[in-house]
Every structure is written in C-alpha cells, then in structure tokens.
1. Take THR116 and decide whether it is more than 18 Å from the chain's Cα centre (by Cα) and either among the polar types (S, T, N, Q) or in the same structural domain as SER35 (by TED's automatic domain parsing) (or both).
2. Scan the stretch 196-211 for residues that are touching a strand residue (DSSP E or B) at 6+ places or on another chain (Cβ under 9 Å) and within 17 Å of LEU142 (Cβ to Cβ) and jot them down.
3. Could you tell me whether ASP159 is within 13 Å of ILE134 (Cα to Cα) and without any contact (Cβ under 8 Å) to a residue 40 or more places away in the chain?
4. What strands (runs of 3 or more DSSP E) completely inside the stretch 1-86 contain at least 1 residues that are in contact with a Ser or Thr (Cβ under 7 Å, 6 or more places away or on another chain) and over 26 Å from ASN221 (Cα atoms)?
5. Restricting the search to the stretch 178-192, which residues are more than 11 Å from the chain's Cα centre (by Cα) and not in a loop (DSSP other than H, G, I, E, B)?
Amino acid sequence: MMGVASGFSLTGHIPFCHTFAPFATRRAFDQLFISGGYAQTTINIFGSDPGFAVGPNGGTHTSWEDVALMRMIPNSIVCDPTDGIQLAWLIRELADKAGIHYIRANRKAVREVYETDARFELGKGNILKQGRHIALFASGQLISETLDIAEELALKGADVTVVDMFTIKPLDNNLVIELSKTHDLIISIENHSVTGGLGSAIADVIAEAGLNAKLLKIGVNERFGQVGSPDYLQDEFGLSKTKSKQKF
C-alpha cells in the first residue's frame, strides 16, 4: 500500500492511505521510511483504532508504538485528533502539504469537544482549561477523560490546566516550557506506550531546556495488546479515568 502511494505521489497525486494503526506503521515502516521519507514523497496515512480503541481485534491489531515509530521519520508530521471536527480540519490542512503525515483516527463515535467553527494550528497545543497547579497534556480520545479528571480535581481544590496536544510532532515546545515553569506538576496521558510518544516528547523538551519540572507519564508500560471491549481494555491498561487518577 505504501509503495503504491509513493508511486502515486511521484506522478503528481496526493495519496491518502487507511488501515489499522499497526499495519499502517509497524508493518509498513520500511516502505514509509525509504519510499516515503527518504524518497521525499508525500503520503497521508490514517491509522485507525489505535491503542485500546481496537477492542476485540486483539493484540495483533493493537498499536502502542505507532506514534513512536512515525516520529522517527525525518520531517514527518504526527497528529492525534480529538474529535471529528479536528480530524476534518487536519485532512484539509495536510492535503496541501508535502511529506509524510500520520494521523491517528477512530472509526467509532467519540465525544465532540470542539465547535464546528473551531480553528487550529499545526504544532500548537490548545489550552482547553486554564489552571495554575497541574498541567495535563493529552491527545486524541483521552482528551474527554482528561477534561473530566480536571473537573473532579477542581472539586478537591486543584487548579488544573488541560492541553490538547493534537500535534505530537512538531510539538509545541514553547507551551511545554511555559507551563513547566508555572505549574507544580506536568502530567501526560496517552493511549500509547510511555516510550516514544507524547510523554517522551514532553520529557525531551523539559530536559533540553534544563527545567526543574516534575513530570508524570501515564500510558502503557511494557505490555502487548489483548482481546476485550474498548472500555475494558482502557481500564485494563490503566487509561480509564479511575485508573489514571489513582496514579497521581
């Protein structure tokens, strides 16, 4: 699929590819890296049902590593949209850009966070809730739970900032640095491995800026996928609202 897409790109077309996230990334990585990135072609890739969203398809169809892989391709763009409105904007935005673009996408309905007239910018995080004490960075399907967590923490006296970091590469480094300086704790919550994803990208920024910031990464640690409903898997892998709150 990715080899054919590269050929379409070389003949002046704008290819869009879609399959399950592990097949779009892990299985096709060499083609994406060489026929895509190295050859400087343009391919728009949609990896559907990432992480726990894959549900009963099981471990073979589960991707905890897709973001990490796609971040490794030089000059790639990696996005994890929150809802259908943001996804539609990304499709229009990336259609006019050259390069390798990876978008995580859910096939099932998710909570709509944005209004239809919302505007976004690649490489810029969106502050959905402004606070002072804790900064929660999340993306994709977990934005909904993160907003709920922030509301519950507010009832206990914690003033929480919620950031939709829908562009994981390029990351909004300036926003990470700003919030790391003004908040007591930075937390990343991701439907992905704690290695190589959003939390790792944030950690790199904090370390390279020489900041003395506390960072907690919430994600999947050293596990393969398994069979179950999305709700069951989200809880099993520690990404439900209840399990996430227990970690901090």
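The values are calculated or read from the model by the stated rules, or taken from the named source; none is laboratory data. Just so it is clear, the model here is predicted, and its values are computed rather than measured. Methodologically, a virtual Cβ is constructed for each residue, glycine included, from the backbone with ideal geometry; neighbour enumeration extends over all protein chains shown.
1. Working: more than 18 Å from the chain's Cα centre (by Cα): yes; either among the polar types (S, T, N, Q) or in the same structural domain as SER35 (by TED's automatic domain parsing) (or both): yes.
Considered against the rule, which asks whether it is more than 18 Å from the chain's Cα centre (by Cα) and either among the polar types (S, T, N, Q) or in the same structural domain as SER35 (by TED's automatic domain parsing) (or both), THR116 comes out as yes.
2. The answer is GLY197, LEU198, GLY199, SER200, ALA201, ILE202.
3. Numbers: within 13 Å of ILE134 (Cα to Cα): yes; without any contact (Cβ under 8 Å) to a residue 40 or more places away in the chain: yes.
Spelling it out, ASP159 is indeed within 13 Å of ILE134 (Cα to Cα) and without any contact (Cβ under 8 Å) to a residue 40 or more places away in the chain.
4. On the way: elements: 16-20, 43-48, 77-79.
The strands (runs of 3 or more DSSP E) meeting that bar are 16-20, 43-48.
5. First, pick out the residues of the stretch 178-192 that are more than 11 Å from the chain's Cα centre (by Cα): 178-187.
Answer for the stretch 178-192, where residues must be more than 11 Å from the chain's Cα centre (by Cα) and not in a loop (DSSP other than H, G, I, E, B): GLU178, LEU179, SER180, LYS181, THR182, LEU185, ILE186, ILE187.
Rundown of residues vs (1) in contact with a helix residue (DSSP H, G or I) (Cβ under 6 Å, 6 or more places away or on another chain); (2) of a type in the set (A, V, I, L, M); (3) modelled with pLDDT of 95 or more, yes/no style:
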| residue | (1), (2), (3) |
| --- | --- |
| HIS183 | no, no, yes |
| SER200 | no, no, yes |
| ALA203 | no, yes, yes |
| GLU236 | no, no, yes |
| LYS247 | no, no, no |
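One line per residue, one yes/no per condition, for (1) outside any loop (DSSP other than H, G, I, E, B); (2) of a type in the set (Asp, Glu); (3) touching a residue at least 12 places away in the same chain (Cβ under 8 Å):
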site: ALA203; (1), (2), (3): yes, no, yes
site: ALA207; (1), (2), (3): yes, no, no
site: ALA213; (1), (2), (3): no, no, yes
site: GLY219; (1), (2), (3): yes, no, yes
site: PHE224; (1), (2), (3): no, no, yes
site: TYR232; (1), (2), (3): yes, no, no
